[in-house]
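Participant: Take a look at this one; I'll ask things after.
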Amino acid sequence: MIDAPLGEPVEPPASVQAGSVGIIGGTFDPIHNGHLAIAEEAREALGLERVVFMPASGPPHKPGRPVASPEHRLAMVRLAVEGNPAFEASDLEVTRGGTSYTVDTLEALRAAGLADPWLILSSEALAGLPTWREPVRILGLARVAVVPRSGFDRLGPEWVEARFPGASARVRFLAGPLLPISGSVVRRRAAAGRSVRYLVPDAVAAYIAQHSLYA
């Protein structure tokens, strides 16, 4: 429990379950240390063998906002996960192109032999799940691990049951971490010529500077 209150015991990591996989998707514009901390918490809490980062080609929930190209965002994800042997980047959605819908990705993963992975979401993303394409199908294709996000309500099993009756057993709520980092903060700082060091991995900061992203 990364953000456990002072004096509360910290739980040891769960035993690694052979073949277990977590999927963390998103725009990753850019990927930052908060994404990596969330993935590591899920890996330890759930005993995941690996966590796959899945940059979206066209994010369906961010219409009208300029987004770095899929190729740039995928490149930054690859740089960010290099140092962790349990992390990997996937180009599935980028290669497929078009608007990236989670249900389509989970269907493709199942067809490729990956059944019942853990889909790692923030509490903000879970709150929006009812508006996603085929959310009930998503809950049938993957279990969901929910991490809190600073500034957003912590949801619970009763919230899930009220919207998806019988599905709360498919959702697990994790303790943390609560890191106040967002892609918008990184983009604004980069646009102003400010340092983004310690907000993103050093290799990602160098990539942003090299390609003048967000300037």
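The values are calculated or read from the model by the stated rules, or taken from the named source; none is laboratory data. What you see is a predicted model, and the numbers here were worked out from it, not measured in a lab. Cβ placement follows ideal geometry from the backbone for every residue including glycine, while neighbour counts extend to all protein chains displayed.
Participant: Find the strands (runs of 3 or more DSSP E) located wholly in the range 13-94 whose residues include 3 or more that are surrounded by 20 or more Cβ atoms within 10 Å (Cβ to Cβ) and small (Gly, Ala, Ser), and list them.
Facilitator: 21-26
Participant: Would it be correct to say that Val103 is in a helix (DSSP H, G or I), of a type in the set (Val, Ile, Thr) and touching a strand residue (DSSP E or B) at 6+ places or on another chain (Cβ under 8 Å)?
Facilitator: no
Participant: Further question on the same structure: So which residues in the range 129-157 are assigned to a helix (DSSP H, G or I) and among the hydroxyl-bearing types (Ser, Thr, Tyr)?
Facilitator: Within the range 129-157, Thr131 is the sole residue that qualifies.
Participant: Can you give me the number of residues within the range 158-215 that are part of a loop (DSSP other than H, G, I, E, B), without any contact (Cβ under 8 Å) to a residue 60 or more places away in the chain and within 16 Å of Val67 (Cβ to Cβ)?
Facilitator: Going through the range 158-215 one residue at a time, the tally reaches 2.
Participant: Next up: Hey, can you tell me all the residues within the range 106-123 that are of a type in the set (A, V, I, L, M, F, W, C) and part of a helix (DSSP H, G or I)?
Facilitator: Residues satisfying the conditions are Leu106, Ala108, Leu109, Ala111.
Participant: For the structure I just gave you, tell me whether Val136 is out of contact with any helix residue (DSSP H, G or I) (no Cβ under 8 Å at 6 or more places or on another chain), at negative phi and buried (at least 21 other Cβ atoms within 10 Å of the Cβ).
Facilitator: Criteria not met by Val136.
Participant: Of (1) assigned to a helix (DSSP H, G or I); (2) surrounded by fewer than 17 Cβ atoms within 10 Å (Cβ to Cβ), Leu126 satisfies all except one. Which?
Facilitator: Failing condition for Leu126: (2).
Participant: Starting from residues that are of a type outside the set (Asp, Glu) and modelled with pLDDT under 95, keep the ones in the range 100-126 and report whichever is nearest to Ala39 (Cα to Cα).
Facilitator: The qualifying residue nearest to Ala39 (Cα to Cα) is Ser122.
Participant: If you don't mind, there's one more thing I want to ask. Out of the range 149-188, which residues are of a type in the set (Lys, Arg), more than 13 Å from His32 (Cα to Cα) and at pLDDT 95 or above?
Facilitator: Arg163, Arg170, Arg172, Arg188
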